[in-house]
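The structure appears below as structure tokens.
The values are calculated or read from the model by the stated rules, or taken from the named source; none is laboratory data. Predicted model only: the values in this text are computed from it and were never measured. Virtual Cβ from ideal backbone geometry, glycine too; neighbours counted across all protein chains shown.
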Amino acid sequence: MGAPLEAQEDVPDQQDRERQEPPAVRSRARTPLIITAAAALGIVGGLAAGYTVQADRPPTPLPALAQENLAYPAKSLPGGKEPEPLSAKDDHRVRTDGDLRKLLVPKPAGAPDADASGLKDGWKDIASYALEFESPDYMFGDLADADFRRMAAVAWEPSAHREVYVRLVQYHPGPVHGAAEHAEGQQGYMDGSEDGAGNAGDALKGSGNGRYWLYPVKNTAGYLPQYRARALFHRGDVMVDIDIFDTKRISERDIRVLAERQLERL
């Protein structure tokens with residue numbers, strides 16, 4: 001038999017239980033949400049107020065990046081003295097920016113000047129130098145493109161049958177290393193060209209890039225034999241080109257010692 005109707009009515013359903021709960025119990029679950037929202041609003045408001053205050057303040061100056069006595073503190077030098085600037089002996093640029101003619105190896109005392117076309121008071125212009133090559137037009141353009149600056153030269157006759165030429169070819173500083181390109185180009189020509197020495201030459205000690213050559217003798221009917229030696233190297237923005245011509249044999253020592261003497265002056 002089924003349960004009495006009175007017993008069934010004594011069991012309240014879910015909706016009746018919710019209606020019978022006091023209001024405080026139903027609202028308790030929403031309290032944390034309200035507190036969280038208020039906290040978030042407080043943070044946002046605080047940040048906004050902070051930015052506003054900071055924006056109204058004058059900018060704070062930064063400390064200086066450079067300060068006195070950082071590079072050369074006098075107290076760290078012997079005797080408290082300031083450092084001296086580099087001398088021409090220690091600074092290559094100081095030497096080469098001066099009178100380039102003073103860096104030329106001096107000719108022997110009493111030796112007459114050799115016949116050097118275009119050489120005036122120790123200087124030689126770009127056109128006169130270009131005329132010394134097989135293709136002067138091409139050489140003129142090549143020198144100009146490499147930013148030729150100036151050229152100092154000296155030429156003498158140590159004997160009736162010998163002529164010596166020393167040239168210092170200087171270039172402007174820039175993206176093209178004119179002195180190195182000129183020296184290396186001529187060095188490559190010396191070995192492989194028909195008009196070159198036809199050999200690899202020998203390394204010039206102490207230069208890092210220099211070489212010197214002895215040419216094979218050149219015999220022409222009706223003329224004395226012609227001998228030639230040449231040295232090429234560069235240091236900084238200066239390219240050095242040295243020639244010895246003779247009707248008698250040139251020793252390897254002659255061209256090497258001359259090149260070494262010139263190297264020491266740069």
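Between a first residue in segment 134-148 that is closer than 20 Å to residue 240 by Cβ and a second residue that is part of a loop (DSSP other than H, G, I, E, B), which pairs have beta carbons less than 6 Å apart while being 6 or more apart in sequence or on different chains?
Going by the 6 Å Cβ cut-off, the qualifying pairs are 139/133; 146/176; 147/172; 147/174.
If residue 228 meets every condition in (1) farther than 24 Å from residue 145 by Cα; (2) touching a Ser or Thr at 6+ places or on another chain (Cβ under 7 Å) apart from one, which number is that one?
(2)
Would it be correct to say that residue 164 is in contact with a Phe, Trp or Tyr (Cβ under 7 Å, 6 or more places away or on another chain), in contact (Cβ under 8 Å) with a residue 24 or more places away in the chain and buried (at least 16 other Cβ atoms within 10 Å of the Cβ)?
yes
For segment 103-113, name all the residues that are crowded, with 16+ Cβ neighbours inside 10 Å and modelled with pLDDT under 95.
Selection gives 107 alone.
Could you pull out the residue among 221, 109, 144, 155 that is in a strand (DSSP E or B) and either within 21 Å of residue 248 (Cβ to Cβ) or aliphatic (A, V, I, L, M) (or both)?
Selected residue: 155, the only one of 221, 109, 144, 155 that is in a strand (DSSP E or B) and either within 21 Å of residue 248 (Cβ to Cβ) or aliphatic (A, V, I, L, M) (or both).
Take the residues in segment 232-265 that are part of a helix (DSSP H, G or I) and surrounded by 14 or more Cβ atoms within 10 Å (Cβ to Cβ); name whichever of them is nearest to the chain's Cα centre (by Cα).
Looking at the filtered set, the residue picked out is 263.
Within segment 104-147, which residues are closer than 25 Å to residue 175 by Cα and not charged (D, E, K, R)?
Hits for segment 104-147 are 126, 127, 129, 130, 136, 138, 139, 140, 141, 143, 144, 146.
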